[in-house]
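Presented below is the structure to which this report refers.
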Amino acid sequence: MPLNGNGREQWGTRAGFILAAAGSAVGLGNIWKFPFIAGMNGGAAFVIFYLFSILIIGLPVMLIEFSVGRKTQLNPVGAFKSLAPNGPFYLIGVMGVAAGFIILSYYSVVAGWTLSYVFKAAAGTFSNFTQPTIALEAVNEHIGVLMGTTPQVGINMTLPDSLANWDLLRNSLGNGGVVPDTLLSVIAGQEFENYAINSNVPLLSHLTFMTLCVLVVLKGIKAGIEKWNRILMPALFVIIILLVFRGLTLEGSGKGVAFLFAPDFSKLNGKVMLTALGHAFFTLSLGMGAMLTYGSYLSKKEDLVKSALLVIVLDTLVALLAGLAIFTSVFALGFEPTQGPGLVFYVLPGIFALMPGGLVVGILFFLLLTIAAITSGVSLLEVVTTYFIDSKGWSRKKATLVFAIVIFLLGVPSSLSMGVWSHISIFGYNIFDFLDYLSFKYLLPLGGLSMVVFTIFKWGTPNLIAELKRGGSDFHISAPVATAILYLTGIFIAITFVAELDFFRITLLMIKTLKYI
């Protein structure tokens, strides 16, 4: 295996590193969030501003992480200790390791859902949604909710007006009547809720996903992470291109293309711009130490600027292709666009039930999500693993296995919070949502902002520029210009951080706390 002068493993090829870094950045958010927010906020106009946001926020922070990692050849905590032995700057690395640890614990739960749904799709579960007996179960379930005899669980879906007369619909289905298309999202929702409430199956899926990540990380950088990203990332692109082709061939798919790409600059208000800035930061796996860790395995010959630009291009390309694949199908089959779990587990299974060839498309789609989750999950596990290898002298096997088990156990409450532990609340959130809120609203933006502050006031932009020029790069920028850009980056991250905070909830919590003082 390739090693540096200190015996640290390195990437075997530049392509392997770029695919691994892109795999870290490409996650579930690219597929189920970005296309929707782009379509709802101006289409191509949003995409243009988003790309500007990437250059202002994403690229500078990514370059800092790559540079700090390669300069020190250490984990996030060790890297900042090396560059600033005195002072609290090592806490930036601590936040990164903590963020990776926490995020993977609940990210693995969601990834487990997508893995389970690969097998549900293959078993023909979605195809059965058009069967009157299956639809009748969903109708009876909803009538129970309306009458107060059955509790409402899961995501709150807005039901279509055409289903107002539930008793009439129940009688029709009881006599073998045709299942209305508008009922399919309700059936899919009930399927997901029943799955999530069943504690054993989601936990097994969570365990299976963590095991897959462990098997990759155990093999190290070249034989594990690089090897599998060189397989999984091309597979991801092949699947997503096939899904785009299928979506574009559906009658009425042009509405989905227009939703995603038709420019509407009138929608570019302050709120939309903040959304673009925030997503530009979160989509690239920044602030959690993943890019810094991957950068620590780079040779001095690598052109960091070109590599960062390629990672950003691949990440954005996946998001746009995912949007084409999803929303051409959504609009062609008459469904309403949405995002997140509501899109993936409530809307799309109903679409696959109607779509010609939907069984194969459903399998490919959830396989796509699983691949994206694995490449991201592996990078998060590597952040934690490499810290204990570097700082504590642990073997890769010991560090990987011990903390995979700990992360799995931490993820158990997140999984149970979707079902039997849904009554447990932390500051008004269930366990899953609280960990997500803590990570994405606090740890990641504070981590990214701290890196910018560290570079400006401690490490110095001349040192950053010197590291970026290694490897024969033709990158040229003066220190004052670089410093000005970093100030701008820091300001935008700070604005996004403040705008994303739920001040109403924070104020309410403070008032409640004061009552006990």
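For segment 427-497, the orientation-averaged shadow of the C-alpha convex hull comes to 6.3 nm² (one quarter of the hull surface).
Kirkwood-type hydrodynamic radius, segment 353-394: 12.7 Å, calculated from all non-identical alpha-carbon pairs. If you add up the charges near F66, with Lys and Arg at +1 and Asp and Glu at -1, over every other residue whose beta carbon is less than 14 angstrom from its beta carbon, what do you get? Result for the neighbourhood of F66: +4. Across the chain, the mean sequence separation of Cα contacts (distance under 8 Å, 6 or more residues apart), normalised by length, yields a relative contact order of 33 percent. Put in line by how crowded their Cβ is, counting other Cβ atoms within 10 Å and starting with the fewest, Y387, Y437 read Y437, Y387. Dipole size of segment 386-450 about its Cα centre, with +1 on Lys/Arg Cβ and -1 on Asp/Glu Cβ: approximately 340 debye, rounded to the nearest 20. Distances between every pair of Cα atoms in segment 51-139, grouped in 5 Å steps from 0 to the bin holding the largest one, split as 3, 11, 11, 12, 12, 11, 8, 6, 7, 7, 6, 4, 2, 0 percent. Arranged from fewest to most other beta-carbon atoms within 10 Å of their beta carbon, V344, V94, V498, V109 become V498, V94, V344, V109. Overall, segment 280-382 carries a charge dipole of about 160 debye about its Cα centre when +1 sits on the Cβ of Lys and Arg and -1 on the Cβ of Asp and Glu, all other atoms neutral.
Please state, rounded to one decimal and in Å, the Kirkwood hydrodynamic radius that the chain gives when every pair of distinct Cα atoms enters the mean of 1/r. Result for the chain, one decimal place: 24.0 Å. Based on DSSP H segments of at least four residues, each scored -39500 (n - 2.57), the chain has a per-residue ellipticity at 222 nm of -22000 deg cm²/dmol. Angle check, please: helix 479-500 long axis (alpha carbons) against the longest principal axis of the chain (alpha carbons), in degrees 0 to 90, nearest 10. Computed tilt is about 30 degrees.
Sorting the segments 416-427, 306-317 by their residues' average number of neighbouring beta-carbon atoms within 10 angstrom, most packed first, yields 306-317, 416-427.
Taking each of K219/K300; K222/K300; K397/K441; K222/K469; K33/K271; K81/K458 in turn, the alpha-carbon distance tops 21 angstrom for K219/K300; K397/K441; K222/K469.
Taking amide H as placed 1.01 Å from N in the peptide plane, the amide H of F475 sits under 5 Å from none that are at least 5 places away or on another chain.
Using alpha carbons only, how many degrees (0 to 90, rounded to 10) separate the axis of helix 396-416 from the longest principal axis of the chain? So the helix axis and the longest Cα principal axis differ by about 40 degrees.
Read the figures in this text as sums done on the coordinates, not as results from a lab. As the structure is a computational prediction, the values presented were derived from the model and not from experiment. Glycine also receives a Cβ, built like all others from the backbone with ideal geometry; neighbour counts cover every protein chain displayed.
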